[in-house]
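These notes are about the structure you will find just below.
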Amino acid sequence: MACAMIPLDEQQVTEATGPLGKERTLPALHPDRKEERCFVPYKPPPEDSSPAQVEEYLEHGKFITEDLDWLLALRHDKFWCQVVFDESLQKCLDSYLRHSPRGLDPSSLPSSPAVADMQRCIHRAVFMTFLRMATHKESKESFITPTVFGEIIYNNFLFDIPKILDLCVLFGKGNSQLLHKMIENIFTQQPCYYGDLDEAVLSVLQVLDTILAKCGLQCEGATAIEPLKLSEPSRPTAMTMSQQDLVDLVLYLCDTCTTIQAFLDIFPAACSTFHCHSFLNRLASFYEVAVPDIEKAVRKRNFDDKSLQEDLWRRVCHARRRMVEMAHLLLQHTCLQPILEGSENIQTFVEELLQHFTTFLPEKRFLLDYDEQFPIADDISLLQQAFPLLDETRTSYLLQGVEDAWDSIGRRRTQYRPQQT
Amino acid sequence: MSPPRLTGALRSFSTVSKQEDFTEEVYDLKTKRLKRQELFSREGLTWQKIVQFFTQHLEKAEQQAAAHELKSILQAAKQIVGTEHGQDTIESAAVFLFETFHNKDHVGHEETRAIKQMFGPFPSSAADASCAAVSRAVAPLGESQVEEFVRSQSSCRAPQRGSAFGRNITFSYDCYTLDPQEALPWAGGPEDETPGGGLDF
C-alpha cells in the first residue's frame, strides 16, 4: 500500500510478486505495477448500420467502457501506473479523439438507440479519464509533485496540442469550465506546451495557406506560389475542382474554424501565442480572399444533390461566424482586456487595437461581418471611456471607414448581438 | 472514414505529437476476448466454489442430479471455447455460463451478446444446453439463495462504481453543431442575388 501525504512520485510500495509471493519494494510509479488489460482502439459507429457492424461496434464499445470504468475505479497510484505505462490505453484514448464523430460531421447521428447509448457511455468515460489525467492533486493523500506531473504528461505525450484541440471540440460545448481548468493546469505545470502551441500555430497558418492554394488563391504573407508556366494546365479553383474536393475543402474549413474558436474560447491564454504570429491579420486576409470564392462555388456550382449543397452552405456560414468570433476573442484578450484592466502599457495596447481596426478597413467583407457581430463603435466607445486621451481624429476616421463600407454595399447592419466581453 | 480535420493535419505535419509507430501492437477483438477470459478466471467465482455450493446446499439424493447438470454445463462450455483449450479454461467458461444463466429461463439477446463478447462466435445449441442445465441444477434451491451466492462471489470482479473517479462530476453531452440560425439566407435564385445581402465585392 502506498504511503499517505507523500507525492506519488516519491512513494515506494512493497508488494508480493512472482509465483512464490516473494516481497519486494519498488517505486509506486513503476511499469511492473501496470495490469495487462489490453485496451482496444475505438472505432466510430458504423455508417450503414448492418446488424453485424452494429454488433461489432457495441462489442468494441463494451470493452472500452468496461476497461475505462475499471481504470477510473483504480486507486490513484494504480491509475497512474496504467496511464503512464500502458501503451494500449493511450492508443485507445487517442483513437477516440481522432475518430469519434463530432457534432458537425455530416453523418454524426448514430444509427440506433443502442449505438447512441454506447457512444454516450464511451464519450463520458473518455472525458473522465482525460480529466483525471489532467489532475495532479486528487485529494490530500493522492497527488503528484506538480513539476513531475508536468514532466509525466509531456514526456509520455499524455497530452499534446492536437489532443487538447480535439478535447475542446469534442467536449467543450457543455463542459467548458472543466476543460478550462484542465488545460490551464496542463499549461501551468508544463510551460513547454506553450512552445508546442507556438509551433502548432505555424501549422494552422499553413492549413489556411493550403486551403487558399487548393482554391487557386494566394494570401498576403503566405508562402509565395511559383508562377505557372504557360504550358502547364491551370490550377483548379473552387469552381473547377471535383465536387468531392470541394466537399472536403468545406468540411476542412468548417472543422478548422470550429476547433480553433473552441480552443481560444475555452483557453483564452492561448490568444497571445496566436497573436505573436500576426494570426489576426492573416485571418482577416484569408477571410477576405477565401470566403467569397468558396461561397460562390457552393452557390453556383451544379449539385445533383441539393441537400448536399445546402449543407455545404450552412458549413460555410458556420465557418464565417467562427472566424469572426476568433478575431473577436483575439482582440478581446490581447488588446481590449488589458486596456480595460488598466494594464501598465495601456497606450501600446490602444495603439495595437486601433492598428488592427485600421488593417480591417480594406478587408471590407471581413470588416462588415465583424462589425455586424461585434460593433466596432462599441469597442471605440469603451476605449474612449478607458483611455480619454484617445486621438479623436483617428477614431472618427475608423468609424467613418466602417460606415463607408456599409454604404458601399447599400445595406445596413441586419442585427446586433450583445457583445460577449 | 473521418472527414478531414485540423488536428489530423497537425498530427501529420507538425512535431508536437507522438509519431505513430505502426509496428506497435494494436489489440483486436480476439486478443481482447482471450484477455477478458483470463481476467474473468482470475477473480471471483470459481468452478470449485460452484460444485461446493451444490454439495453443501443439496440433500444427498439431489446431489447426483446436480452433478449431472454441472457436467452438462462443462460439456457446453467445452463446445463454446473449443476443444483445444485446457480444463481451467473450460471450467472458467462454465462459471461464466452459470453466472449468466442462474436467473434466466431462456437464452435472450443480452445473454447471447454477453457470451459472444467473452468467447466470440459460438454454437447456439451449446448456449441453450447450458441454460437448460443451469435451470435444472438451481431448481431445487431457493432463488434468493443462488442469487446471494453468485452476487457475493462476483462482487470483487465488478468495478467499484461508488468510488470511481468522476462519479460526482456533472457531465454534459452537448456538442458543437451547425446552427440553422447562423446560416445566411439561401436564396438559390437569380445569379446576381448574393448571399449575405450583397457582400460580393
Subset of the range A:116-140 (residues that are closer than 28 Å to A:Ser49 by Cα and open to solvent by 10 Å² or more (accessible area, probe 1.4 Å)): A:Ala116, A:Asp117, A:Met118, A:Gln119, A:Arg120, A:Cys121, A:His123, A:Arg124
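Quickly run through the range A:130-143 and pick out the residues that are part of a helix (DSSP H, G or I) and more than 20 Å from A:Tyr193 (Cα to Cα). Walk me through it before giving the result.
As a first pass, look at the range A:130-143 and keep what is part of a helix (DSSP H, G or I): A:130-133.
Correct list: empty.
Find the residue count for the range B:34-82, including only residues that are open to solvent by less than 40 Å² (accessible area, probe 1.4 Å), in contact with a Lys or Arg (Cβ under 9 Å, 6 or more places away or on another chain) and closer than 20 Å to A:Glu35 by Cα.
Number of matching residues: 4.
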Residue list for the range A:263-304, restricted to those being farther than 30 Å from A:Ser242 by Cβ and within 11 Å of chain B (Cβ to nearest Cβ): A:Phe263, A:Asp265
Subset tally (residues that are outside any loop (DSSP other than H, G, I, E, B), within 45 Å of the chain's Cα centre (by Cα) and surrounded by 10 or more Cβ atoms within 10 Å (Cβ to Cβ)) for the range A:15-36: 7
Enumeration of residues in the range A:84-109 that are more than 17 Å from A:Asp255 (Cα to Cα), touching a Leu at 6+ places or on another chain (Cβ under 9 Å) and either assigned by TED's automatic domain parsing to the domain that holds A:Thr259 or surrounded by fewer than 17 Cβ atoms within 10 Å (Cβ to Cβ) (or both): none
Set B:Arg151, B:Arg157, B:Arg167: member being modelled with pLDDT under 90, assigned to a loop (DSSP other than H, G, I, E, B) and farther than 22 Å from B:Gln63 by Cβ: B:Arg157
Set B:Gly189, B:Gly197: member being open to solvent by less than 70 Å² (accessible area, probe 1.4 Å), over 30 Å from A:Leu74 (Cβ atoms), modelled with pLDDT under 80 and part of a loop (DSSP other than H, G, I, E, B): B:Gly189
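Open to solvent by less than 20 Å² (accessible area, probe 1.4 Å), closer than 25 Å to A:Ile186 by Cα and assigned to a helix (DSSP H, G or I): is that true of A:Ile260 in this structure?
Details: open to solvent by less than 20 Å² (accessible area, probe 1.4 Å): yes; closer than 25 Å to A:Ile186 by Cα: yes; assigned to a helix (DSSP H, G or I): yes.
Against the criterion (open to solvent by less than 20 Å² (accessible area, probe 1.4 Å), closer than 25 Å to A:Ile186 by Cα and assigned to a helix (DSSP H, G or I)), A:Ile260 qualifies.
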Where a residue in the range A:82-100 is in contact (Cβ under 8 Å) with a residue 40 or more places away in the chain and within 9 Å of chain B (Cβ to nearest Cβ) and its partner, wherever it lies, is among the aliphatic types (A, V, I, L, M) and surrounded by fewer than 19 Cβ atoms within 10 Å (Cβ to Cβ), with Cβ under 7 Å and at least six apart: A:Lys91/B:Val26
Which listed residue, of A:Pro113, A:Pro227, A:Pro191, is of a type outside the set (Lys, Arg), surrounded by fewer than 17 Cβ atoms within 10 Å (Cβ to Cβ) and either touching a helix residue (DSSP H, G or I) at 6+ places or on another chain (Cβ under 9 Å) or at pLDDT 95 or above (or both): A:Pro191
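Collect the residues in the range A:305-315 that are touching a residue at least 60 places away in the same chain (Cβ under 8 Å) and more than 9 Å from chain B (Cβ to nearest Cβ), keeping them in residue-number order. So that I can check it myself, show each step before the final result.
Filtering the range A:305-315 down to residues touching a residue at least 60 places away in the same chain (Cβ under 8 Å) leaves A:308, A:311-312, A:315.
Matches in the range A:305-315: A:Leu308, A:Leu312.
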Cross-chain or 6+ apart pairs with Cβ under 6 Å, the range A:54-68 first and facing chain B (nearest Cβ under 8 Å) and surrounded by 19 or more Cβ atoms within 10 Å (Cβ to Cβ), then basic (Lys, Arg) and not in a helix (DSSP H, G or I): A:His60/A:Lys43
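Can you name the residue in the range B:133-157 that is free of Cβ contacts under 8 Å to residues at least 12 places away in the same chain and over 22 Å from B:Phe40 (Cα atoms) and is also surrounded by the fewest Cβ atoms within 10 Å (Cβ to Cβ) among such residues?
We begin by selecting, within the range B:133-157, every residue free of Cβ contacts under 8 Å to residues at least 12 places away in the same chain; these are B:139, B:142, B:144, B:148, B:151-152.
Imposing the further condition that a residue be over 22 Å from B:Phe40 (Cα atoms) reduces the set to B:139, B:142, B:144.
Details: B:Ala139: 13, B:Gly142: 10, B:Ser144: 8.
By that ranking, first place goes to B:Ser144.
Could you grab me the full set of residues in the range A:22-49 that are among the aliphatic types (A, V, I, L, M) and touching a residue at least 40 places away in the same chain (Cβ under 8 Å)?
A:Ala28, A:Leu29, A:Val40
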Residue match in the range A:291-310 (condition: outside the structural domain of A:Cys168 (by TED's automatic domain parsing), open to solvent by 10 Å² or more (accessible area, probe 1.4 Å), hydroxyl-bearing (Ser, Thr, Tyr) and modelled with pLDDT under 95): yes
Positions within the range A:101-129 being facing chain B (nearest Cβ under 7 Å) and not in a loop (DSSP other than H, G, I, E, B), in sequence order: A:Arg120, A:His123, A:Arg124, A:Phe127, A:Met128
Single unsatisfied condition, B:Phe98 versus (1) over 17 Å from B:Phe54 (Cα atoms); (2) buried (at least 19 other Cβ atoms within 10 Å of the Cβ): (1)
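The values are calculated or read from the model by the stated rules, or taken from the named source; none is laboratory data. In this text, all values refer to a predicted model and were calculated from it rather than measured experimentally. All Cβ positions, glycine included, derive from the backbone under ideal geometry; neighbour counts span all protein chains shown. Just the protein is used for accessible areas: all its heavy atoms, side chains included, with ligands, DNA and RNA removed. Shrake-Rupley method; radii C 1.70, N 1.55, O 1.52, S 1.80 Å.
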